[in-house]
1. Tally the residues that are of a type in the set (Lys, Arg) and out of contact with any helix residue (DSSP H, G or I) (no Cβ under 7 Å at 6 or more places or on another chain), restricting the search to region 270-327.
2. Please work out which residue is farthest from the chain's Cα centre (by Cα), limiting yourself to region 161-176 and to residues that are open to solvent by less than 20 Å² (accessible area, probe 1.4 Å) and either within 16 Å of Pro279 (Cβ to Cβ) or touching a residue at least 40 places away in the same chain (Cβ under 8 Å) (or both).
3. For the condition among the β-branched types (Val, Ile, Thr) and loosely packed, with under 13 Cβ neighbours inside 10 Å, what is the one hit in Val194, Val201, Val215?
4. Given the residues Asp257, Asp262, which is the only one that is at pLDDT 90 or above and either within 29 Å of Lys275 (Cα to Cα) or not aromatic (Phe, Trp, Tyr) (or both)?
5. Hey, could you check region 103-151 for residues that are at pLDDT below 75 and farther than 26 Å from Met233 by Cα and say which is least open to solvent (accessible area, probe 1.4 Å)?
6. Scan region 278-286 and give yes if some residue there is at pLDDT below 95 and open to solvent by less than 10 Å² (accessible area, probe 1.4 Å), otherwise no.
7. Could you check Trp266 against (1) within 16 Å of Thr141 (Cβ to Cβ); (2) open to solvent by 80 Å² or more (accessible area, probe 1.4 Å) and say which number it fails?
8. Looking only at strands (runs of 3 or more DSSP E) that lie completely in region 223-327, which have at least 2 residues being basic (Lys, Arg) and either under 20 Å from Pro213 (Cα atoms) or touching a Cys at 6+ places or on another chain (Cβ under 7 Å) (or both)?
Amino acid sequence: MTTSQHDNEVDEIPVFKFNGKIYTTYEEMVNAKRKRNQDMLEASGLLKPPQPQLYTTRVNSNKRTRKKQAAVPQQPSRRSSRFSKSEKPNYKEVSTFIEQKAGAVKKRPRSATESRIVSPSPAATPVPPAANSVRSICIDTKTLVLGEKGVLGQIMDRTGKEFVINESFSLAAFSDDQKRLAGSRLSFNKYCGVQEFKNAVFLWINLGSKDNPVVNDFLNDAQQVSWFGGSRMHDESPVIHKLLKMGRQHDDKGGNDEPHSDIILWCRRYQSDTKQFTPYVCFGRLTYHSHVPQSHPLKFIWNLVDHDGLKNHSDEVVRERFAAFTT
């Protein structure tokens with residue numbers, strides 16, 4: 001190797017420069033940059049130098065754990081001087097004496113039939129209705145069904161119970177109630193199969209629905225119809241008592257031995273093509289025929305008072321509608 005070649009090799013040794021200084025190794029230059037960055041952060045306040053620890057936490061390696069002592073039942077510290085010298089009562093002897101006296105009366109074993117019957121809970125006292133409740137409204141059922149604008153065999157313009165309630169109120173509610181509740185929204189239970197008025201009852205029936213656990217149907221050439229009470233209704237329910245009382249009253253209000261009832265039947269049919277119910281149709285008044293006591297749900301059979309009026313209605317559309325619903 002010549003001298004010139006050796007000089008070239010010496011010149012090729014890497015040199016690291018940073019901030020006007022020369023470093024012989026790359027690590028020294030990186031450390032210088034890190035220190036520069038650290039100084040800048042501390043100067044700007046973004047990085048505060050670590051604070052010196054003012055005190056140290058004393059750790060006791062020989063920490064003793066206290067053992068929980070079992071709770072010892074304490075005797076009462078004070079006793080009445082009257083009982084301190086007397087004998088303690090023996091309640092077991094008293095219980096034995098009572099059992100011996102009661103043993104003379106033997107209970108009659110229940111029969112198998114009595115064991116199967118579950119006594120319903122006592123009927124609760126009816127809560128007074130609110131001012132705008134339908135239960136506080138009196139309605140003229142004969143005017144509603146057979147009046148000049150009577151709804152016998154007519155289908156409502158809109159679906160749902162609310163429209164039926166409002167339409168019945170405007171057509172046949174007593175004048176005092178109409179004045180009292182003018183412009184008010186009427187309150188009622190839209191999920192129940194029976195709606196009480198103060199002097200009347202509406203029964204709601206669904207026809208053709210596959211989801212119903214019970215099947216309502218017209219019987220005896222559509223002169224009768226079945227109806228089932230709700231899941232919470234039993235023989236002692238106030239509304240059942242009201243239905244039985246009203247259904248058995250055949251008032252001669254027409255003067256020609258014409259039965260009258262303030263129980264009104266409203267039916268709607270499920271349409272499988274649209275998967276919706278039709279609006280409700282009024283099929284007139286009902287009287288009591290029979291029911292099955294202690295059944296669950298309670299099953300009733302009602303007579304259609306206005307059967308002949310529907311079957312022989314002057315409007316052909318009403319006759320066809322009645323036939324379509326009942327067959």
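1. Residues meeting the conditions: 3.
2. Of everything passing the filter in region 161-176, Ser168 is farthest from the chain's Cα centre (by Cα).
3. So the residue among Val194, Val201, Val215 that is among the β-branched types (Val, Ile, Thr) and loosely packed, with under 13 Cβ neighbours inside 10 Å is Val215.
4. Sole residue among the options that is at pLDDT 90 or above and either within 29 Å of Lys275 (Cα to Cα) or not aromatic (Phe, Trp, Tyr) (or both): Asp262.
5. Per the criteria, the residue is Gly103.
6. Looking for residues that are at pLDDT below 95 and open to solvent by less than 10 Å² (accessible area, probe 1.4 Å), one finds none in region 278-286, hence no.
7. (2) is the only condition that Trp266 fails.
8. 263-271
The values are calculated or read from the model by the stated rules, or taken from the named source; none is laboratory data. Since this is a predicted model, take the numbers as computed values, not measurements. Every residue, glycine as well, gets a Cβ built from its backbone with ideal geometry; the counts of neighbours run over all protein chains shown. Surface areas here come from the heavy atoms of the whole protein model, side chains and all, with no ligands, DNA or RNA. Shrake-Rupley method; radii C 1.70, N 1.55, O 1.52, S 1.80 Å.
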